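Beneath this line is the structure, given in C-alpha cells, with notes to follow.
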Amino acid sequence: MKIGYPTRKIKNNIADEVLHNYSQSYWESELSERKATAKRYIKVKTVIPLFPVGYTRAPLSLIPELREQLSRPIIELRLEDNRTLRLMGIPVEVAMEIWFITNNKQQKPTKDFRLSVTDLICELVKVKRVIISDIIPELGVYVADVELEESPSSNNEKKVFRMIPSHAILVALKCGAEIYVSEKLLKLEREEEEEKEGLEEDITYW
C-alpha cells in the first residue's frame, strides 16, 4: 500500500510548483500591467446619468437623427484627474439602471429573483475592467473594451470583448469592475474641441 505514496507526493510537489509559478508570473504581469495602465488610461471615479427635462417652443433640432440623440439621457464620466467625458444618446433603460445603482436604489421587488442580462454576465464571468478606448469616426460613436479576468486554464490569454460603452459601464457597475478612459481618446476629443473653437473664431472675426 505504501508503494504508490512517493509518486503521489512527487505529483503533489509538481502541482504545487506549477501553481506557485503561475501565481508569481500572474502577479508580476499584473503589476507591470497596472504601471502601464497608469500611463495609458485615466480611471473613472464617478458615473453620473443625466436625463433630459423640460419643453421648448422650438424643436431641439430639425435633423431627426440629432433630435433623437438630444432627447436621450447622457452619461457623464468624472475622471480622477478632474477631467470629464460625456456620452450622448444613451438608451433610457440603461441610464435608469445606472441611476438605480449609483443612487443605491432598489431596482426590483425583493421577491423577484430573475436575472437581467447584465446580472447573468456577472454570474458567468469575472469582469476585470472596462476601458472606453476608441471611436468609430464613420459613426461618431465610442467603443468600450471589456476585459475578463485570466484563469489558469486560459494560458495567460487575455479575453477582451468590444461593447457599446453605456452597456459596458452598466456591466462594470454591476460586476464591481473599474472603469477607465483611454488617454488617446481624451486627446482626440481635446483636438476636436480645439478645431471647433478655431472654426468659431474664424467665423466670428471673418
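The values are calculated or read from the model by the stated rules, or taken from the named source; none is laboratory data. Bear in mind that the values here come from a model prediction, so they are computed numbers and not experimental data. Positions of Cβ are generated from backbone atoms using ideal geometry, with glycine treated the same way; all protein chains shown enter the neighbour counts.
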Self-check item: Conditions (1) aromatic (Phe, Trp, Tyr); (2) in contact with a Leu (Cβ under 7 Å, 6 or more places away or on another chain); (3) over 27 Å from GLU189 (Cβ atoms); number of the one not met by TYR142
Solution: (3)
Exercise. Would you mind finding the one in ASP119, ASP134, ASP145 that is part of a helix (DSSP H, G or I), closer than 24 Å to PRO73 by Cα and acidic (Asp, Glu)?
Key: ASP119
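Please determine, by comparing only the residues of the stretch 154-170 that are in a helix (DSSP H, G or I) and among the polar types (S, T, N, Q), which one is surrounded by the fewest Cβ atoms within 10 Å (Cβ to Cβ).
Applying the filter and picking the extreme gives SER154.
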Self-check item: Any chance VAL143 is within 14 Å of the chain's Cα centre (by Cα) and not acidic (Asp, Glu)
Solution: yes
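Results for (1) over 16 Å from LYS43 (Cα atoms); (2) crowded, with 19+ Cβ neighbours inside 10 Å; (3) at pLDDT below 90; (4) out of contact with any Pro (no Cβ under 6 Å at 6 or more places or on another chain), shown as yes or no for each residue.
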residue: THR102; (1), (2), (3), (4): yes, no, no, yes
residue: ASP112; (1), (2), (3), (4): yes, no, yes, yes
residue: ASP134; (1), (2), (3), (4): no, no, no, yes
residue: VAL141; (1), (2), (3), (4): yes, no, no, yes
residue: PRO152; (1), (2), (3), (4): yes, no, yes, yes
residue: ALA172; (1), (2), (3), (4): no, yes, no, yes
